[in-house]
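**Student:** Okay, here's the structure, questions in a sec.
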């Protein structure tokens, strides 16, 4: 069987609405975006890793450190649109969209995600993504935390910033899953994604993968136990800095 060519794309906007310039913030002596790039490369899972950006500042940051970086030609609403433009002329089978604000990206979760395609002999799955169980009520209620519900085969039914499912009956055990914004596409469906129209639910929730569901397509969800930290706010950055120090401080015997 021919080996699949798998690449990672890291979409990186400079002007994030909730936390402008977050990707250029300091994390353990390097920028958040470069830490994310390093972490993705260090998994050893990819034939190539690219940062795709609309910012000369981010472009220079990655290029100056010897990384692979591409400049977007057009303006884009979503990260998937941004990487689709970049990947159009690149020879590959699977494209993994790693969020630029996830410097703790790690191998185990991404390996589970890629296994979906390695096991999908008939190429029936176009898109897969990660989810992690959450129990903290503040996180469940936080609109910055996107929740996902699935069917019994772990195909996504819906994504929302609201708590889903609604826990009406206290005697019924309810499980909540956070959607980790890491997507793995086959190349052709990724290019097709950009041609799909943005409908009401995606526009309302501002969650790009809803576009796939609104057009009747399936998203295979893969559970991981690794929470990580997505840097959406200054508070998230403070948590990330604390975790980074803890992970990289000398351990006493």
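The values are calculated or read from the model by the stated rules, or taken from the named source; none is laboratory data. Values in this document were obtained by computation on a predicted structure and should not be read as measured data. Neighbour counts are summed over all protein chains in view; Cβ atoms, including those assigned to glycine, are modelled from backbone coordinates with ideal geometry.
**Student:** Within the stretch 168-185, restricting attention to residues that are closer than 22 Å to residue 225 by Cβ and surrounded by fewer than 16 Cβ atoms within 10 Å (Cβ to Cβ), which residue is modelled with the lowest pLDDT?
**Tutor:** Start the filter on the stretch 168-185 by keeping residues that are closer than 22 Å to residue 225 by Cβ, which leaves 173-184.
With surrounded by fewer than 16 Cβ atoms within 10 Å (Cβ to Cβ) added as a condition, the list becomes 173-175.
Numbers: 173: 90, 174: 93, 175: 95.
Per the criteria, the residue is 173.
**Student:** Here's another thing I want to ask about it. Do we find that residue 196 is assigned to a loop (DSSP other than H, G, I, E, B), touching a helix residue (DSSP H, G or I) at 6+ places or on another chain (Cβ under 9 Å) and either closer than 24 Å to residue 116 by Cβ or free of Cβ contacts under 8 Å to residues at least 24 places away in the same chain (or both) in this structure? Steps first, answer last, please.
**Tutor:** Numbers: assigned to a loop (DSSP other than H, G, I, E, B): yes; touching a helix residue (DSSP H, G or I) at 6+ places or on another chain (Cβ under 9 Å): yes; either closer than 24 Å to residue 116 by Cβ or free of Cβ contacts under 8 Å to residues at least 24 places away in the same chain (or both): yes.
It is true that residue 196 is assigned to a loop (DSSP other than H, G, I, E, B), touching a helix residue (DSSP H, G or I) at 6+ places or on another chain (Cβ under 9 Å) and either closer than 24 Å to residue 116 by Cβ or free of Cβ contacts under 8 Å to residues at least 24 places away in the same chain (or both).
**Student:** Also: Can you pull out the residues in the stretch 22-37 that are surrounded by fewer than 20 Cβ atoms within 10 Å (Cβ to Cβ) and within 14 Å of residue 12 (Cα to Cα)?
**Tutor:** Result: 24, 25.
**Student:** For the stretch 217-232, state whether one or more residues are touching a helix residue (DSSP H, G or I) at 6+ places or on another chain (Cβ under 8 Å), in a helix (DSSP H, G or I) and either touching a residue at least 24 places away in the same chain (Cβ under 8 Å) or within 18 Å of residue 132 (Cα to Cα) (or both).
**Tutor:** no
**Student:** Separate question: Across the stretch 141-161, what is the number of residues that are part of a loop (DSSP other than H, G, I, E, B) and surrounded by 14 or more Cβ atoms within 10 Å (Cβ to Cβ)? Please lay out each step first, then the result.
**Tutor:** Initial filter on the stretch 141-161 (part of a loop (DSSP other than H, G, I, E, B)): 142-146, 151-154, 161.
Filter once more, so that each one left must be surrounded by 14 or more Cβ atoms within 10 Å (Cβ to Cβ): 142, 145-146, 154, 161.
Residues that pass the stated criteria total 5.
**Student:** In the stretch 117-149, what residues are free of Cβ contacts under 8 Å to residues at least 60 places away in the same chain and under 14 Å from the mean Cα position of the chain (by Cα)?
**Tutor:** 145, 147
**Student:** Here's something else I'd like to know. Which of the following residues is in a strand (DSSP E or B), touching a helix residue (DSSP H, G or I) at 6+ places or on another chain (Cβ under 6 Å) and crowded, with 19+ Cβ neighbours inside 10 Å: 96, 51?
**Tutor:** On the way: 96 fails: touching a helix residue (DSSP H, G or I) at 6+ places or on another chain (Cβ under 6 Å).
The unique qualifying residue is 51.
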